[in-house]
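A.B. asks: Have a look at the structure that comes next, please.
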Amino acid sequence: MTKFEELGLNQDILKGIKDLGYEEPFPIQEAVIPVLLTGRDVVGQAHTGSGKTAAFALAMLQEIQPKNGIQGLIMAPTRELAMQITEEIKKFGKYTKIRVVTVYGGQGMGIQLDALDRGVEIVVATPGRLIDHLKRGSIELRDITHIVLDEADTMLDMGFIDDIQFILDLAPEDRVMSLYSATMPTEILRLSEEYLNNPKQFLLDADDLSGDGIDQSYLVIKDRDKFKYLVDFIKPIKGQVIVFCSTKYRTRDVARFLHQEKFNAVAIEGDMSQHRREQTMGKFRTGKADILVATDVASRGIDVPRVELVINYDIPNQELLYFHRIGRTARAGAKGKAITFVSYSSVGDWNLIKRQIKVPLEDLNEKMGIQISIPDPLKRQIPSRRYGGQSRSNYSRGGRSRGYGRSDRDSRDDRGGGRRRFNDRGDKNSYGGRSKW
Ligand code: ADP
Ligand code: MG
């Protein structure tokens, strides 16, 4: 087993790692850090919880000089994720003199400009706000030596592809770059071909989509019965719970119900101010709240270590989101549980997700003896409206029906990138892309 000491990191960084209590590098760290330190580009496909942040952050800290201008640039899809990466870098870099700033929409420019004025070596940014800074000259990329694209597939889904290309075109060509993505749709492969130089590719978990290590089950019930079952399922749980809902209205309703039942729940959705979202995530992350009710804004990349149960109160509107949601549990090798509520009208969509689940999936109707009585008209409706397969090349469908284009979609930064959909294929395509690896 390789130790952190053997990866080529300096004493200051090793001290920071030690403070965090990391004993050994995770496989992705062991694989990626030495490669980045030789100056080679990297493409990494790995599921959430595999430790990607430390993989790129430690290598970056090792290579960057204090007081030498902005040398490191990390792009991430959401402000939450960007802030989380910054926090981790601060911890890893506690004993270095390297300074880092988060640049994201939703926060006033002033704070960011002040931090930039004082000087930073690493910028963690959502693409939209970064472009604002580039245009006003408050960030320049000429000293950049290290670039990271984290959760590249999410950025693509959110319509950031043009922004990313715009940014990368401004960066010096002589740099070390790495790209991380849970899936590898062709657009990501194309991006990496265009912007990375003979990258070393790591496919770190072939069973990314299995939800390995997570006990998964589902229950088909009437929509109006969901709350009753929710309460039944979360009552015996001692650890933290995340409840995913399809819209902000549902999120609010469920949170309100939980409060009425005296649960210690918080909610996060896109209409909340940035400040409140941060507060809420903070409460949950530090364990001051037991239950987080969330739209998919919280499903990607956000690391909350102790989640024991994920409940899909509504099924996600995209197959991949299912795996991202349940990936919030069983982090860092721990065991977790995921229960999906399927309303009668979602059975067809659920079947599409179910097909992608490659581990045993428990049928709770069977186990608990709960009858399903789907009315006939709904049964006929089941061959889903969304998966007719006709609209592959329709770029301008408005995105009402799936993915990040929904009007209640909220995991995007301030430029409304989510509305500009790059393409309409998304997840389907990404499974295809996997075979290239
Ligand atoms: P990813 O970005 O791949 O989803 P993260 O970088 O967020 O994963 O890491 C997941 C969790 O694992 C975090 O809580 C992180 O602190 C923890 N972690 C990362 N590397 C190590 C390590 N070497 N030892 C112990 N815990 C680690
Ligand atoms: Mg991550």
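None of the figures in this text is laboratory data; all of them are computed from the coordinates on show. From a predicted model like this one, the values you see are computed outputs, not experimental measurements. Using ideal geometry, Cβ is built from the backbone for each residue, glycine included, and neighbour counts are taken over all protein chains shown.
A.B. asks: Within a Cβ distance under 9 Å of residue 69, other residues only, what is the Lys/Arg minus Asp/Glu net charge?
C.D. replies: Numbers: positive: 67, 142; negative: 121, 140, 143.
My count for the surroundings of residue 69 gives -1.
A.B. asks: Below 18 Å, Cα to Cα, which aspartates and glutamates can residue 354 reach? Residues fewer than 8 away in the same chain don't count.
C.D. replies: 207, 208, 212, 215, 314, 319, 362, 363, 366, 427
A.B. asks: Can you pick out the pairs among 337/367; 222/358; 262/335; 337/358; 52/248; 18/335 whose Cα atoms lie more than 19 Å from each other?
C.D. replies: Where the Cα-Cα span goes over 19 Å, the pairs concerned are 222/358; 262/335; 52/248; 18/335.
A.B. asks: From a point 7 Å beyond the Cα of residue 12 in the direction of its Cβ, which residues of region 73-110 have a backbone N at a distance under 11 Å?
C.D. replies: 93-99
A.B. asks: List the relative contact order of region 1-95 as a percent without decimals, with contacts defined as Cα pairs under 8 Å and 6+ residues apart.
C.D. replies: Details: 85 pairs, mean separation 35.4, N = 95.
Result for region 1-95 is 37 percent.
A.B. asks: Normalising by the residue count of region 4-202, find the relative contact order in percent from Cα pairs under 8 Å and 6+ residues apart.
C.D. replies: On the way: 346 pairs, mean separation 55.9, N = 199.
Worked out over region 4-202, it gives 28 percent.
A.B. asks: With θ set to phi - 60° and the Karplus curve 6.51 cos²θ - 1.76 cosθ + 1.60, what are the ³J(HN,Hα) couplings of region 233-242 in order, to the nearest whole Hz, using x for Gly and Pro?
C.D. replies: 6, 8, 3, x, 7, 9, x, 8, 10, 10
A.B. asks: Kindly rank 35-43, 54-62, 67-75, 2-10 from highest to lowest mean number of other beta carbons found within 10 Å of each residue.
C.D. replies: Values: 35-43: 18.7, 54-62: 26.6, 67-75: 20.2, 2-10: 15.0.
Ranked from most to least packed, the peptides come out as 54-62, 67-75, 35-43, 2-10.
A.B. asks: Name the shape class, rounded, prolate or oblate, that the alpha-carbon gyration tensor gives for region 206-284, where a ≥ b ≥ c are the square roots of its eigenvalues, rounded holds for a/c under 1.5, and otherwise prolate holds if a/b is larger than b/c and oblate otherwise.
C.D. replies: Numbers: a/c = 1.61, a/b = 1.19, b/c = 1.35.
Verdict is oblate for region 206-284.
A.B. asks: Got a sec? How would 373, 246 order by Cβ neighbour count within 10 Å, fewest to most? The partial results should precede the final answer.
C.D. replies: Numbers: 373 7, 246 18.
Ascending Cβ contact count within 10 Å gives the list 373, 246.
A.B. asks: Tell me which residues come under 5 Å, amide H to amide H, from residue 73 once H is placed; ignore anything under 5 positions away on its chain.
C.D. replies: Here 123, 146, 147, 148 satisfy the definition.
A.B. asks: Rounded, prolate or oblate, given the Cα gyration tensor of region 95-139, with a/c below 1.5 counting as rounded? Show your work: numbers first, answer last.
C.D. replies: Values: a/c = 1.85, a/b = 1.69, b/c = 1.09.
It comes out prolate by the Cα gyration axes.
A.B. asks: Can you sort 86, 286, 251 so the residue with the fewest Cβ neighbours within 10 Å comes first? Show your work: numbers first, answer last.
C.D. replies: Numbers: 86 22, 286 9, 251 29.
Lowest count first: 286, 86, 251.
A.B. asks: Taking amide H positions as placed 1.01 Å from N in the peptide plane, with prolines and chain starts having none, which residues 5 or more places from residue 103, or on another chain, fall under 5 Å of its amide H?
C.D. replies: 124, 125, 126
A.B. asks: Scan around residue 342 for amide H atoms under 5 Å from its own, H built in the peptide plane at 1.01 Å from N, and keep only partners 5 or more places away or cross-chain.
C.D. replies: Hits under the 5 Å cutoff: 219, 220, 221.
A.B. asks: Follow-up question, since we're still on this one. Looking at the calculated P(r) for region 4-202, what percent of the C-alpha pair distances fall above 28 Å? Don't skip to the end; give the middle numbers.
C.D. replies: Numbers: 3584 of 19701 pairs.
Of the Cα pairs, 18 percent sit more than 28 Å apart.
A.B. asks: Enumerate the calculated ³J(HN,Hα) couplings along region 134-139 in order (Karplus 6.51 cos²θ - 1.76 cosθ + 1.60, θ = phi - 60°), each rounded to whole Hz, writing x wherever the residue is Gly or Pro.
C.D. replies: 5, 5, 8, x, 7, 10
A.B. asks: Same structure again: Around residue 223, under 15 Å between beta carbons, what's the net of Lys plus Arg minus Asp minus Glu among the other residues?
C.D. replies: Working: positive: 222, 224, 226, 228, 250; negative: 225, 253, 314, 349.
In short, +1.
A.B. asks: Starting from the Cα gyration tensor of region 1-97, take the square roots of the eigenvalues, sort them a ≥ b ≥ c, and report rounded, prolate or oblate (rounded when a/c is under 1.5, otherwise prolate if a/b is larger than b/c, else oblate).
C.D. replies: On the way: a/c = 1.23, a/b = 1.05, b/c = 1.17.
In terms of gyration-tensor shape, rounded.
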